[in-house]
Amino acid sequence: MNELKSLNKRTAPKSTMPERIIQFGEGNFLRAFVDWIVFNMNQKTDFNASVVVVQPIEHGMVDWLNGQDCLYHLNLQGKENGQPVNTLTRIDAISRALNPYTQHQAFMALAEQPEMRFIISNTTEAGIAFDETCKFADKPASSYPGKLVQLLFHRYQYFHGAPDKGMIIMPCELIFLNGHRLKECIYQYIELWKDDLGSDYEGFKDWFTDNCFVCATLVDRIVPGFPRENISEIQQQICYKDNLVVKAETFHLWVIKKAENMTVEQLQEEFPAHKAGLHVFITDNEKPYHARKVTLLNGPHTVLSPVAYLSGVDIVRDACEHPVIGKYIHKVQFEELMQTLDLPQDELQQFASDVLERFENPFVDHQVTSIMLNSFPKYETRDLPGLKIYLERKGTLPQGLVFGLAAIITYYKGGNREDGTAIVPNDDPKIMGKLTELWNTADTQKIAEGVLAFDDVWHENLNKTVPGLTEMLKKHLDLIQAKGMLEAVKEII
């Protein structure tokens with residue numbers, strides 16, 4: 001066993017670059033995603049920026065980060081071009097980390113640094129929220145948007161409202177149009193603290209509106225986090241005692257919708273991730289990318305899970321590599337769901353292929369049962385829109401998607417698989433009760449009609465609004481009951 005060195009800037013090289021990014025959040029995701037992107041931009045372009053991490057809540061990890069001089073290793077694992085990938089990279093993009101609750105003066109002083117240009121955050125979905133109990137005099141405000149307004153106001157005053165000292169703000173919280181929500185909260189705080197801002201109220205509000213740029217973003221990378229199960233092996237490999245190793249998949253995607261008061265070209269010039277060969281897309285419309293992710297990543301997950309499980313396959317990767325179920329997943333992905341989206345076909349083809357490679361990640365045993373919680377609401381948001389668009393465009397229903405719904409209904413029947421494993425569905429008690437009642441009739445016509453009439457799930461009666469769906473769903477339910485799942489799949493691929 002090699003003796004491990006402590007990881008810090010005395011034992012490992014660390015770049016020194018201007019602090020240009022304030023990052024609210026020190027957790028695994030930002031370190032494996034944003035800070036890795038900044039690291040690559042520094043390596044491959046003239047971006048030349050380091051990140052100051054701000055801990056958004058009172059108790060967090062900044063002491064751990066500072067204890068290693070903000071150095072850590074990223075372990076990327078996955079599959080690319082059909083080959084397994086397993087890399088370890090030391091990331092040095094973070095210059096220092098602050099706790100604004102114990103280092104309030106240092107936190108506010110970030111606003112005085114002329115080169116600061118970007119604010120990035122991941123404070124969880126609950127982090128972008130307005131709390132009217134926050135006071136302007138709090139050191140700091142408890143909410144993230146409150147802290148942000150305090151920081152921006154100090155910057156406005158310190159630089160006397162200079163137009164070039166505005167900030168580009170890119171939230172990464174998993175909320176659709178997260179930037180719009182954050183901007184709304186900022187304006188709410190400006191109004192709440194109107195009296196505290198005094199004679200600067202109007203000027204600050206105008207400065208924020210005209211010279212700060214709040215973008216909406218969509219982020220995509222699976223980050224399991226600290227690799228507890230094989231950390232000793234990793235530390236021996238890197239020869240450092242790194243307590244902040246973070247594991248993530250190789251795939252990454254960051255879609256940034258430029259702010260209303262700037263152009264795509266302006267943001268690309270300031271944040272040139274595309275020059276580093278990264279999957280960072282700056283656009284004026286995030287919606288089609290959001291639809292692409294929900295449709296081509298979440299959509300196939302929802303239907304492959306019950307089909308795989310009832311065929312005796314428990315792991316997503318094994319389902320993708322199965323000679324029969326793999327063909328079913330391919331059919332749903334490329335022949336059905338992909339046909340319902342409006343982005344260029346080559347982009348969709350690449351993304352759809354990347355998704356299947358992610359499903360086949362040799363380093364992750366993703367249980368299909370972990371995907372099946374609340375399957376009906378998931379189908380409603382992820383697969384039903386595609387089913388309707390496919391019918392509208394092709395004049396026929398997509399067999400694979402309807403079969404997937406039949407598989408979900410069959411899974412919710414319960415009982416045992418052919419190998420004797422108990423089937424234990426988990427959902428809203430109201431849905432569970434209704435399905436039990438329907439399956440007790442043993443009449444697939446009534447079951448199909450009853451499920452498609454679930455107003456709480458679909459918010460409409462699909463028997464009436466989607467022509468032919470009731471008949472096709474009954475046919476697939478009958479097929480599964482007569483032949484079993486695996487034989488039934490063979491008939492529709």
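The values are calculated or read from the model by the stated rules, or taken from the named source; none is laboratory data. All figures in this text were calculated on a predicted structure; none of them were measured in a lab. We place every Cβ from the backbone using ideal geometry, glycine too, and count neighbours over all the protein chains shown. Ligands, DNA and RNA are excluded from the accessible area calculation, which covers all protein heavy atoms including side chains. Shrake-Rupley method; radii C 1.70, N 1.55, O 1.52, S 1.80 Å.
Quick one: longest stretch of the chain between exposed loop GluC sites (Glu not before Pro), exposed meaning at most 15 other C-beta atoms within 10 Å and loop per DSSP?
261-417
Based on Cβ point charges of +1 for Lys and Arg and -1 for Asp and Glu, what charge dipole magnitude is obtained for the range 5-284 about its Cα centre, in debye rounded to the nearest 20? Before the final figure, lay out the partial values.
Numbers: 27 positive and 35 negative charges, 209 e Å.
Here the range 5-284 has a charge dipole of around 1000 debye.
Give the residue from Cys134, Thr11, Asn48 lying farthest towards the positive end of the charge dipole for the chain; charges sit on Cβ (+1 for Lys and Arg, -1 for Asp and Glu) and the dipole is referred to the Cα centre.
The listed residue farthest towards the positive side: Thr11.
Along the charge dipole of the chain, pointing to its positive end and built from +1/-1 on Cβ of Lys, Arg, Asp and Glu, which listed residue (Ile408, Ser232, Thr421) has its Cα farthest out?
Ser232
Measure off 7 Å from each Cα along the Cα-to-Cβ vector at Asn285 and Glu471, then give the distance between these two points in nanometres to one decimal.
Using points 7 Å along Cα→Cβ, the separation is 3.6 nm.
With r as the distance between the Cβ atoms of Glu132 and Lys5 and R0 = 56 Å, compute the FRET efficiency 1/(1 + (r/R0)^6) and round to 0.05. Before the final figure, lay out each step's value.
Values: r = 50 Å, r/R0 = 0.89.
With R0 = 56 Å, the Cβ-Cβ based efficiency is 0.65.
Spin-label point model (7 Å from Cα, Cβ direction): what's the Thr436 to Val324 distance in nm?
3.1 nm
Could you give the angle, 0 to 90 degrees to the nearest 10, between helix 299-310's Cα long axis and the longest principal axis of the Cα atoms of the chain?
50 degrees
Return the carbon/sulfur percentage of the accessible area of the chain, one whole number, probe 1.4 Å, all protein chains in place. Before the final figure, lay out each step's value.
On the way: 10190 of 21080 Å².
Roughly 48 percent of what the probe reaches on the chain is carbon or sulfur.
How big is the gap, in Å, between the Cα center of the range 33-77 and the Cα center of the range 237-307?
About 17 Å separates the Cα centre of the range 33-77 from the one of the range 237-307.
Relative to the longest principal axis of the chain, what angle (0 to 90°, nearest 10) does the C-alpha long axis of helix 144-158 take?
30 degrees
What number, in percent, do you get for the relative contact order of the range 368-493 if the mean sequence gap of Cα pairs under 8 Å and at least 6 apart is divided by its residue count?
Values: 108 pairs, mean separation 31.8, N = 126.
This gives 25 percent for the range 368-493.
Using a simple charge model, +1 on the beta-carbon of Lys and Arg, -1 on the beta-carbon of Asp and Glu, nothing else, what dipole does the range 287-491 show about its Cα centre, in debye to the nearest 20? List each step's numbers first, then the result.
Numbers: 22 positive and 29 negative charges, 62 e Å.
With only Lys, Arg, Asp and Glu charged at Cβ, the dipole is about 300 debye.
Return the whole-Å distance between the Cα centroid of the range 143-182 and the Cα centroid of the range 338-373.
First find each Cα centre; the distance between them is then 34 Å.
Under a point-charge model restricted to the Cβ atoms of Lys and Arg (+1) and Asp and Glu (-1), what is the dipole moment magnitude of the chain relative to its Cα centre, in debye to the nearest 20? Can you show the working numbers first?
Numbers: 49 positive and 66 negative charges, 135 e Å.
Taking the Cα centre of the chain as origin, the dipole is about 640 debye.
Whole number in Å², please: accessible area per residue of the chain, 1.4 Å probe, ligands, DNA and RNA not counted.
Values: 21080 Å² over 493 residues.
Ligands and nucleic acids excluded, the result is 43 Å² per residue.
Could you compute the FRET efficiency for Asp314 and Glu335, with r as their C-beta to C-beta distance and R0 at 35 Å, rounded to 0.05?
Working: r = 26 Å, r/R0 = 0.73.
The calculated FRET efficiency here is 0.85.
Along the charge dipole of the chain, which of His330, Met167, Ile282 sits closest to the positive end, that is, farthest toward it, with unit charges on the beta carbon of Lys, Arg, Asp and Glu (+1, +1, -1, -1)?
Value computed over the given set: His330.
Just how far, in whole angstrom, is the range 466-493 from the range 193-209 if you go by their alpha carbon centroids?
63 Å
In the chain, what percentage of the DSSP-assigned beta bridges are antiparallel, given to the nearest 5? Before the final figure, lay out each step's value.
Values: 17 of 46 bridges.
About 35 percent, rounded to the nearest 5.
Round to the nearest 10 and give me the degree value, 0 to 90, for the angle of helix 399-411's Cα axis relative to the longest principal axis of the chain.
Once rounded, one gets 90 degrees.
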